[in-house]
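Trainee: Before anything else, here's the structure in question.
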Amino acid sequence: MHGYSFLRPLIVLVLAAALSMVISVSIGSSAVALNETLSVLFGGGTELQQTLILDLRLPRTFTAFATGGLLAVAGALMQVLLRNPLADPYVLGLSGGAAVGALLAMMAGVAGVVVSGSAFAGALLSTFLVFGLAHGTGSWTPSRLLLTGVVVAAGWGALIALILAMSPARQLPGMLYWLMGDISPAANPLPGLILLALVCLLVFPLGRSLNVLARGSMQASALGVSVRPLEWVIYILASLLTATAVTMAGSVGFVGLVVPHMLRLVLGNDQRLILPACALAGGTLLVLADTLARIVIAPEQLPVGVITALLGVPTFLYLLHRSR
Amino acid sequence: MAYRFLLLFFLWISSASAELCSVDAIGREICLASPAERIVSLSPGATELVFSAGAGDRLLAVSAWSDYPEQARELPRVGDSNRLDLEAIVALKPDLVVAWVDGNSRAQLDRLSDLGINVFWLSPREFQDIANAVETLALLSGQQETGTARAARFTDGIATLKAEYRGAQPVRVFYQIWDQPLMTVNREELIGKAIELCGGVNVFGEQPRLVPRVSKEAVLEANPDAIVTSGRGESDREWLEHWKQFPGLKAVNLGNLFLEPPDLLARPTLRMLEGVRHLCQTLEQARARL
Amino acid sequence: MNPLQARQLVIDIPGRTSGQPLDFTVEPGQVWGVLGPNGVGKTTLLHTLAGLRAPRNGAVQLGERSLTDWKRRRISQQLGVVFQDRQDGFPATVLETALIGRHPWLSPWQMETVEDQRMALEALQALDVAHLQNRLVNTLSGGERQRVAIATVLAQAPDTWLLDEPTNHLDLHHQVSVLGLLKAQAAQGCSVFMCLHDLNLAARWCDHILLLFPDGDACWGPSQQMLVPAALERLYGQKLMTAEIDGAPVFVPAGSSDPQSS
């Protein structure tokens, strides 16, 4: 029965997620053995170990998990919305808007929460802009939305280039790291995790409607789905998820494109399974990528977006090859 | 010292042919028939060094961000780092252009060299390089007396500080250049050298890169005695405040979170002497609390 | 059951002048066939009757209420549509596809029940595709895919069937079994309304015919009255020869390549 066939892959993914988080928390540029890690998680360990694990690595792990999960789910939603397996959360210009917001804040010399808030505002602005422009003369199709989004994204790209060109040299590393995608140490994982959990709750009603919508808007309409309202819900939801993710970690690429795709190749096309699977797999992937980013050239750090790109491309190619 | 004699020797020889020559940081020899009177400086550091050499009144234009000394702020700008207005520079008909190896683009300025304009490249890596740069610029602009004197004061000042802090108790220091990403310096960098001069030990001194981007974890593990930064600008203690969330850090415990005046340590200029002096005093404070 | 009715209906094809208003009711037990040359608007009519396109004039009604007054979900419980094209960008299995037909009957938080599964499987069996239930739909042949689409609507169990060229891609055997199935549905009290390009299938299986002429004219009624050679020749712009087999008329285009025919 359906319920059971969902359970097994989800359980595997939950275990993978848990394992990845344990790995992430026990590895870093400073060595903390596994048994020491576990003892810290249960209240023991030296003060340094406690600080390392509880104050630094744990929040960062949660942030990475939330970001990866949000991006993967947003990617899956975008792909159904646009009826295009190559869509990703950024295709409609969202990360561009967030980037402009964040970079402007950095150029103005502010930091921390203001940069995040600015990024979020930029993402929302981009959402409304695309919404308004695509809606323009009435009829609103996935291809019209895609075209509008691509153009708006290009516009943001131009602004980003301008900001980079005009900023004083010493601000550039910070800006570049944001653009490449870097888990901000200052980010609070809680809103992201809550949002992710809420989305997973919505999976059942939302998921089946998405399955029907994936057949085509007319077929979906004929089966009783209110297509336009559903498409708006998906759009707003995907935008909200992406805006939250980008606020926490800049524009991390590939997770939103590769994870839903990978899962569909392996698990089929029932969105009620794919969406929660995306949340778990995306989170796991980003946690592992961030762990790598932290240790590959320790004590130096790489931005996590570099790792997701380097890992994402060959993985995807391999899976495509195997599925043939 | 040897370099000084060599310089005087060249001066003596070339005074006969009235040619002023010097080899720059990329190994090119620049020769001027007469002291430069139309100088363009392409980095804030170079601007300061030109003024230190006593040739500030011969500066026609400077790069953006040239803000010291005061007179520099009034001079016309010709762009910034690798976004220079080459046309404007050529139009000024300079007889000497002072460039910065890590700031300006070789390709762009070679265009100027091809047009016959003298481009002199600077790249101070040691304290001595700073003094030499001032002397060379003084030579090329016919201000030997001023320049040489100032350079000598600098060199003596550094030597004095070095002697003063030679036997000092080591203080382990983390110097923070930037917050996101977290950046510091290694011992090859001038600031790193300043730290060593003052009897400090740079906890990331052995890193291969000049400006490594490290993790917070690495800082926690290194557990320095003091954390020093110039912040983002005027009295910006924000970065230091961030470290207070780790009360286990020795530096936080001892209250060794120090804000150095920006610009004194950041630019390889004669002001660095004050910067190093200030840093040494800061580390003395830190040392006292150990 | 709420019969589907066209009330002074004029379909909207952008750029074309309005045709004759259509006014008919598809009563339970009836099997309607829509005939007309390519491009005359059969698919547009079907989509308009399904409530997926707005008419230019007039209204479509389910029972006494206009379609626009019904909730989308209630409409889909009474009207099932088999489209000509399919979008399989996100391919599901055959069984999952048939199960989609149960969507109008499930509340948002409900999973498919055993009963739903049974209905979907029975539908697949009736269309002779049950053996393919775990195959991905994009790996099927055209005919198999067509039958799965029909099975989906069978699982949906609507009162009224709207079909756009249901016999496309099907071999003779399956053409007959599908039309037989639709006839059986009508016999059980459903109504069937389908666009057909094959005149002879319409002649054999439909009891009511709607003719859509290229100039915008239309006429409809019981088959015997509509399947008049003069009207059909005008419809297709083609001379026809008529014969009768088994009590039903058969039409063959005249003007063969035989040089001896007149």
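The values are calculated or read from the model by the stated rules, or taken from the named source; none is laboratory data. Note that the structure is predicted; figures quoted are calculated from it, not measured. Don't worry about glycine lacking a Cβ; one is built from the backbone with ideal geometry, like all the others, and counts go over all protein chains shown.
Trainee: Please go through segment C:201-241 and give me each residue that is among the basic types (Lys, Arg) and surrounded by 16 or more Cβ atoms within 10 Å (Cβ to Cβ), ordered by number.
Mentor: C:204
Trainee: Taking residue C:180, is it under 18 Å from residue C:33 (Cβ atoms), in a helix (DSSP H, G or I), free of Cβ contacts under 8 Å to residues at least 60 places away in the same chain and of a type outside the set (S, T, N, Q)?
Mentor: yes
Trainee: Still on this structure: In segment A:199-211, what count of residues is obtained for those that are surrounded by 23 or more Cβ atoms within 10 Å (Cβ to Cβ) and at the interface with chain C (Cβ under 7 Å from one of its Cβ atoms)?
Mentor: Residues that pass the stated criteria total 2.
Trainee: Of everything in segment C:45-73 that's of a type in the set (S, T, N, Q) and either surrounded by 19 or more Cβ atoms within 10 Å (Cβ to Cβ) or touching a strand residue (DSSP E or B) at 6+ places or on another chain (Cβ under 7 Å) (or both), which residue is nearest to residue C:179 (Cα to Cα)?
Mentor: Checking each candidate, the answer is C:48.
Trainee: Here is a further query. Do we find that residue A:246 is of a type in the set (Val, Ile, Thr) and buried (at least 21 other Cβ atoms within 10 Å of the Cβ) in this structure?
Mentor: So residue A:246 fits the description; yes.
Trainee: Do you know which of the residues in segment A:296-310 that are without any contact (Cβ under 8 Å) to a residue 24 or more places away in the chain and more than 12 Å from every other protein chain (Cβ to nearest Cβ) is farthest from residue B:213 (Cα to Cα)?
Mentor: Applying the filter and picking the extreme gives A:310.
So that you can scan it fast, the table gives a plain yes or no per residue for (1) within 17 Å of residue B:133 (Cα to Cα); (2) surrounded by fewer than 16 Cβ atoms within 10 Å (Cβ to Cβ); (3) at pLDDT 85 or above; (4) not assigned by TED's automatic domain parsing to the domain that holds residue B:109:
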{"residue": "B:8", "(1), (2), (3), (4)": "yes, yes, no, no"}
{"residue": "B:16", "(1), (2), (3), (4)": "no, yes, no, no"}
{"residue": "B:26", "(1), (2), (3), (4)": "yes, yes, yes, no"}
{"residue": "B:29", "(1), (2), (3), (4)": "yes, yes, yes, no"}
{"residue": "B:32", "(1), (2), (3), (4)": "yes, no, yes, no"}
{"residue": "B:48", "(1), (2), (3), (4)": "yes, no, yes, no"}
{"residue": "B:58", "(1), (2), (3), (4)": "yes, no, yes, no"}
{"residue": "B:66", "(1), (2), (3), (4)": "no, no, yes, no"}
{"residue": "B:83", "(1), (2), (3), (4)": "no, yes, no, no"}
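Trainee: OK, next. Give just the number: which of (1) assigned to a helix (DSSP H, G or I); (2) surrounded by fewer than 24 Cβ atoms within 10 Å (Cβ to Cβ); (3) modelled with pLDDT under 80 does residue A:106 not satisfy?
Mentor: Tallying (1) assigned to a helix (DSSP H, G or I); (2) surrounded by fewer than 24 Cβ atoms within 10 Å (Cβ to Cβ); (3) modelled with pLDDT under 80, residue A:106 fails exactly one: (3).
Trainee: State all residues of segment A:302-324 that are in contact with a Phe, Trp or Tyr (Cβ under 9 Å, 6 or more places away or on another chain) and assigned to a loop (DSSP other than H, G, I, E, B); if no residue qualifies, say none.
Mentor: A:303, the sole residue that qualifies.
Trainee: How about segment A:227-268: which of its residues are polar (S, T, N, Q) and modelled with pLDDT under 90?
Mentor: Listed by number, the residues that qualify are A:247, A:251.
Trainee: Additional query: Looking at the structure I just gave you, is residue A:216 touching a Lys or Arg at 6+ places or on another chain (Cβ under 6 Å) and either surrounded by fewer than 22 Cβ atoms within 10 Å (Cβ to Cβ) or polar (S, T, N, Q) (or both)?
Mentor: Here the answer is no, as residue A:216 does not meet what is asked.
Trainee: Confirm whether residue C:136 is touching a residue at least 12 places away in the same chain (Cβ under 8 Å), surrounded by fewer than 17 Cβ atoms within 10 Å (Cβ to Cβ) and more than 21 Å from the chain's Cα centre (by Cα).
Mentor: yes
Trainee: Moving on to the next point. Could you list all residues from segment A:311-324 that are out of contact with any His (no Cβ under 9 Å at 6 or more places or on another chain) and away from every other protein chain (no Cβ under 12 Å)?
Mentor: Of everything in segment A:311-324, those that are out of contact with any His (no Cβ under 9 Å at 6 or more places or on another chain) and away from every other protein chain (no Cβ under 12 Å) turn out to be A:311, A:312, A:313, A:314, A:315, A:317, A:318, A:321, A:322, A:324.
Trainee: Restricting to segment A:57-81, and then to whatever is surrounded by fewer than 24 Cβ atoms within 10 Å (Cβ to Cβ) and at pLDDT below 90, can you tell me which residue is farthest from residue A:41 (Cα to Cα)?
Mentor: The selected residue is A:59.
Rundown of residues vs (1) touching a residue at least 60 places away in the same chain (Cβ under 8 Å); (2) in contact with a Lys or Arg (Cβ under 7 Å, 6 or more places away or on another chain), yes/no style:
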residue: B:74; (1), (2): no, no
residue: B:86; (1), (2): no, yes
residue: B:101; (1), (2): yes, no
residue: B:105; (1), (2): no, no
residue: B:122; (1), (2): yes, no
residue: B:125; (1), (2): yes, no
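Trainee: Given the criteria closer than 27 Å to residue B:265 by Cβ and not in a strand (DSSP E or B), does residue B:90 qualify?
Mentor: No: the conditions fail for residue B:90.
Trainee: How many of the residues making up segment A:54-68 are within 12 Å of chain B (Cβ to nearest Cβ) and closer than 17 Å to residue A:181 by Cβ?
Mentor: Of the residues in that region, 1 qualify.
Trainee: Any idea which of (1) buried (at least 23 other Cβ atoms within 10 Å of the Cβ); (2) more than 14 Å from chain C (Cβ to nearest Cβ); (3) in a helix (DSSP H, G or I) is the one residue A:236 doesn't satisfy?
Mentor: Tallying (1) buried (at least 23 other Cβ atoms within 10 Å of the Cβ); (2) more than 14 Å from chain C (Cβ to nearest Cβ); (3) in a helix (DSSP H, G or I), residue A:236 fails exactly one: (1).
Trainee: Please report, ordered by residue number, the helices (runs of 4 or more DSSP H) entirely within segment A:1-69 with at least 1 residues that are without any contact (Cβ under 8 Å) to a residue 24 or more places away in the chain and of a type in the set (Phe, Trp, Tyr).
Mentor: A:2-26
Trainee: Here's something else I'd like to know. Show the residue pairs that are 6+ apart or on different chains and have beta-carbon atoms under 8 Å apart, the first residue being within segment A:101-122 and within 16 Å of residue A:242 (Cβ to Cβ), the second being of a type in the set (Phe, Trp, Tyr).
Mentor: Listed pairs, sorted by first residue: A:101/A:120; A:102/A:178.
Trainee: Being aliphatic (A, V, I, L, M) and out of contact with any Leu (no Cβ under 8 Å at 6 or more places or on another chain) is the filter here, so list the residues in segment B:191-224 that pass it.
Mentor: Hits for segment B:191-224 are B:201, B:203, B:210, B:211, B:218, B:222.
Trainee: Can you name the number of the only condition in (1) without any contact (Cβ under 8 Å) to a residue 60 or more places away in the chain; (2) in a loop (DSSP other than H, G, I, E, B); (3) surrounded by fewer than 24 Cβ atoms within 10 Å (Cβ to Cβ) that residue A:225 fails?
Mentor: Every condition holds for residue A:225 apart from (3).
Trainee: Same structure, new question: Looking at segment C:183-200 only, could you name the residues that are touching a residue at least 40 places away in the same chain (Cβ under 8 Å), surrounded by 19 or more Cβ atoms within 10 Å (Cβ to Cβ) and in a helix (DSSP H, G or I)?
Mentor: C:186, C:199
Trainee: Name the pairs: first residue in segment B:144-161 and touching a residue at least 24 places away in the same chain (Cβ under 8 Å), second residue surrounded by fewer than 19 Cβ atoms within 10 Å (Cβ to Cβ), Cβ to Cβ under 6 Å, at least 6 apart or on different chains?
Mentor: Within 6 Å, no pair qualifies.
Trainee: Next up: Which of the numbered conditions does residue C:118 fail, given that it passes all the others? Conditions: (1) in a helix (DSSP H, G or I); (2) more than 15 Å from residue A:270 (Cα to Cα); (3) in contact with a helix residue (DSSP H, G or I) (Cβ under 7 Å, 6 or more places away or on another chain).
Mentor: Of (1) in a helix (DSSP H, G or I); (2) more than 15 Å from residue A:270 (Cα to Cα); (3) in contact with a helix residue (DSSP H, G or I) (Cβ under 7 Å, 6 or more places away or on another chain), only one is false for residue C:118: (3).
Trainee: OK, next. Considering only segment A:260-295, state which residues are within 13 Å of another protein chain (Cβ to nearest Cβ) and not aliphatic (A, V, I, L, M).
Mentor: A:260, A:261, A:264, A:268, A:269, A:270, A:271, A:272, A:290, A:291, A:294
Trainee: Go through segment C:57-114 and count every residue that is among the charged types (D, E, K, R) and within 18 Å of the chain's Cα centre (by Cα).
Mentor: 2
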